[in-house]
Structures are given as structure tokens and as C-alpha cells.
1. For segment 104-133, which positions are charged (D, E, K, R) and without any contact (Cβ under 8 Å) to a residue 40 or more places away in the chain?
2. Taking Pro332, is it at pLDDT below 95, more than 28 Å from Glu103 (Cβ to Cβ), in a loop (DSSP other than H, G, I, E, B) and not aromatic (Phe, Trp, Tyr)?
3. From (1) touching a helix residue (DSSP H, G or I) at 6+ places or on another chain (Cβ under 9 Å); (2) surrounded by fewer than 19 Cβ atoms within 10 Å (Cβ to Cβ), pick out the condition that doesn't hold for Trp274.
4. Only residues in segment 223-244 that are farther than 19 Å from His256 by Cα count as the first member; pair them with residues that are at pLDDT below 95, Cβ under 9 angstrom, at least 6 apart or cross-chain, and list the lot.
5. Do we have Asp350 as under 20 Å from Leu275 (Cα atoms) and of a type outside the set (Phe, Trp, Tyr) here?
6. Within segment 309-329, which residues are assigned to a loop (DSSP other than H, G, I, E, B) and touching a strand residue (DSSP E or B) at 6+ places or on another chain (Cβ under 8 Å)?
7. Among (1) more than 21 Å from Asp135 (Cβ to Cβ); (2) buried (at least 24 other Cβ atoms within 10 Å of the Cβ), there is one condition Ser178 misses while meeting the rest; what is its number?
8. How about segment 302-321: which of its residues are over 18 Å from Gly351 (Cα atoms) and either out of contact with any Asp or Glu (no Cβ under 7 Å at 6 or more places or on another chain) or in contact (Cβ under 8 Å) with a residue 60 or more places away in the chain (or both)?
Amino acid sequence: MLNKFIILIFLLCFSVTSQAANKWPSEAQTELVKQRQANFPWQNIVAAVDWYSPLEQVPGATNPAPLPEALNENDKYTAAEKLVAQYNSYALLIWQNGALRYERYWPGFSQQSRYDTASMHKTVVALLVGAALADGKITSLTQPVSDFLTNVKPTALGNAPLRSLLEMSSGIGGPAFSSEATSVGMQTFLGDDLKQAYQHWPMEHGLNAEFHYSNANPQYLSWVIEQATGLRYADYLSQRLWQPLGASDARVWLDHEQGSARTSCCLQASARDWLRIGLLIMNEGRVGDKQIIPAKFIRDMVSPSALNPNYGWQIWRGSPHNPNRKYSRNSPFSVPAKQPFNADDVYYLDGSGAQRVYIVPSQQTVIVRIGQPSQDWDDAALPNLILK
């Protein structure tokens with residue numbers, strides 16, 4: 001039986017409506033999902049990274065760049081470690097004022113460990129949209145999806161501008177949750193044909209009518225990136241982000257060999273490399289003296305979107321204070337922030353179950369927490385221990 005919390009995670013991006021499968025999936029596709037369900041590490045979804053196949057390598061730098069370190073212990077860092085230890089954490093990294101100040105791995109984990117941090121991948125997709133804009137492969141975020149993906153031309157999604165996908169306001173929702181191997185949700189998450197599966201996702205709202213956190217948005221953006229650049233997603237990610245960042249190799253799930261990368265989740269990377277992503281955003285797209293992503297794109301990315309002031313472009317915002325953040329109007333799941341954040345410019349990557357990268361440019365701070373999924377994580381608690 002599926003763990004109750006994992007079911008809630010699925011429900012974040014799935015709808016409460018239903019939709020017919022139209023004689024799909026095939027028996028072979030159904031059997032494959034059953035096999036993957038049987039093998040799925042439901043109780044260890046973040047740390048178990050070798051069970052799934054196929055995976056595609058995302059080559060990093062030949063010699064990963066060292067991170068400046070000035071490791072020390074103080075009362076704030078000790079309190080932060082004590083807090084996250086209560087949530088069965090695997091890694092805690094704290095960067096402040098130009099150096100890595102604190103780095104802790106719990107038994108069984110190290111600098112080399114990679115993790116499946118779920119929706120943190122969504123923010124990476126947004127950064128690659130910025131790269132494609134800088135490269136002239138995308139002309140404008142007002143371009144509709146159908147400029148790149150001909151199979152969606154006659155649909156409402158095809159008319160949606162890229163910006164609406166970044167802001168989760170394209171109108172696309174999600175399929176009804178079901179653990180059945182034949183369901184649209186399970187065929188999307190564990191099946192072998194993402195393009196076919198996403199054709200069954202419903203348009204639930206009008207364009208720019210409602211914020212709805214849907215896995216379909218980053219997935220379609222990744223296909224736009226591939227079509228615009230002429231490269232496989234993993235190759236463009238490697239060339240435009242992972243290698244310039246000085247990161248180590250990563251991996252991404254594919255639906256089938258040489259197929260589509262799953263980009264709403266499923267990027268396996270180390271805690272240090274997630275720190276590098278946070279630093280890239282904190283430094284407005286710069287790595288050293290190189291501008292990797294345009295600074296204006298980063299500023300726009302972390303600005304409030306029209307329909308949700310706590311969301312930018314595939315990234316969350318701590319201000320204004322929202323004590324009970326929801327993923328859509330009808331979502332059964334929310335994340336509390338019992339107190340306001342101690343800075344007005346807290347931005348964060350949110351992976352299900354409290355996988356987090358907190359970014360605070362005004363205090364030159366990046367915090368990475370990775371660990372066992374938690375149902376009662378308070379988003380403000382950890383950063384507020386560190387921030388002045």
C-alpha cells in the first residue's frame with residue numbers, strides 16, 4: 001500500500017477531477033508501471049537513487065570547482081543542525097558571506113551523495129529557459145508554446161505564452177490521483193511515454209485565470225527547450241549550467257531510453273551542487289566573473305507573479321508572509337510558515353517533503369536541507385535561525 005504522505009505529494013499536482021484514458025495505456029505500458037511501482041522505494045524516495053532505469057547522465061565539470069570554505073561552529077549553526085536532525089535529515093549546508101560556513105552529513109551520506117529532491121528540479125528548468133533566451137533560441141516569453149511544439153497548436157495550451165508556464169498560470173491542471181497502473185497519474189510518473197501521458201492532462205482554468213502548481217508546466221517547458229536548442233535536455237543542462245557551475249555529474253530520469261527527461265522532478269544531484277544553484281540565483285546569474293544567466297532574467301524570475309505573490313518563475317518567495325502556503329486553490333496539502341521570514345528577500349526551491357534551497361541575497365546566505373520527507377516542516381524555522 002502506498003505511504004499516505006506519498007499520496008499527498010502526488011496530490012499536490014494532480015486534480016480532483018477525472019478524465020477518460022481513451023484506450024490508453026497498452027498492456028505493456030501497464031505492466032511496466034506495475035513493475036516500477038513494485039520496485040519504488042516509497043519509504044526512502046530521496047536517498048534511493050539507483051533503483052530506477054533508464055537514467056541519463058548530465059556531465060559536470062571535468063574537475064569540479066572547489067567551494068570556498070571557512071567552516072566554523074556557532075550557536076546559530078548548532079541550533080540549525082539540532083532542528084533539521086529532528087526531521088531525519090541527510091545533509092545541511094550553510095553558505096554565508098562568501099564561503100561555506102557549515103556542512104554536515106548524517107551517517108550514510110557524504111559530499112559525493114546524490115539525492116532525488118523532487119520539485120527542486122523545476123527551478124533548474126526555469127534557469128534553462130533564461131539560458132535559451134540569452135542564446136537567442138527563444139525570442140520572448142510572450143511566444144506561445146505552439147511556436148515550438150506543433151502537436152499542441154490547436155489546443156488552449158498551445159496558445160499559452162511561455163511566461164504563463166513559468167508562473168503556473170497556463171490553465172493546465174492535473175489528472176485525478178489514483179494508484180492504479182492504468183491511471184494517467186501513474187503513467188505520467190512511472191510510465192514510458194511522457195508525451196502521450198501529458199496529452200491526457202486537462203486544461204482546468206482559463207489562461208492566466210488561476211495559479212495552479214502543475215507538473216505539466218515544467219515538463220512542457222523542457223520540451224520547448226529541446227526544440228528551441230536542438231539539443232537533448234540533459235545535454236543543454238550540462239553545457240549551459242552544470243559545467244559552467246563547476247558541478248559534479250548529475251543524472252535525470254528518462255521515460256524510456258533516449259526518451260524524455262522527467263523535469264517536474266527526478267534530477268539526481270549532490271547537496272553541494274544544489275548549493276551552486278542557490279549561489280547562481282543569489283549572484284544574479286554570475287559564476288565568478290562569468291554571466292551564465294542574464295541578471296535581468298534572475299531578477300524577473302524571483303519577482304512576484306501576477307496570480308501568486310509567493311511564487312515567481314518556478315521558484316517560491318517568502319514575502320509576503322503566508323502562514324499556510326498552498327499549491328493550488330483546491331490542494332489538500334499546504335506548508336506552514338508560522339512566523340514571517342527574517343528577511344524580505346527569501347527565495348527558495350521546494351522539493352516535496354521539505355527538500356529545500358533557501359536563498360537570501362541581502363544577507364549573502366544560501367541554506368540547503370535534504371532529508372527524509374517531512375509532513376510538518378515549517379518553512380520559516382530553519383532560515384530564521386540563521387538570518388540576523
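1. Hit for segment 104-133 is Arg104, nothing else.
2. yes
3. (2)
4. So the pair list comes out as Gln243/Thr62.
5. On the way: under 20 Å from Leu275 (Cα atoms): yes; of a type outside the set (Phe, Trp, Tyr): yes.
Yes.
6. Scanning segment 309-329 gives Pro309, Asn310, Gly312, Ile315, Gly318, Pro323, Tyr327, Arg329.
7. So Ser178 meets the others, but not (2).
8. Start the filter on segment 302-321 by keeping residues that are over 18 Å from Gly351 (Cα atoms), which leaves 303-309, 319-321.
If the condition is that a residue be over 18 Å from Gly351 (Cα atoms) and either out of contact with any Asp or Glu (no Cβ under 7 Å at 6 or more places or on another chain) or in contact (Cβ under 8 Å) with a residue 60 or more places away in the chain (or both), then Ser303, Pro304, Ser305, Ala306, Leu307, Asn308, Pro309, Pro320, His321 are the ones that fit.
The values are calculated or read from the model by the stated rules, or taken from the named source; none is laboratory data. In this text the structure is predicted, and so the values were computed from the model without any measurement. Counting neighbours? That spans all protein chains shown, and the Cβs are built from the backbone with ideal geometry, glycine included.
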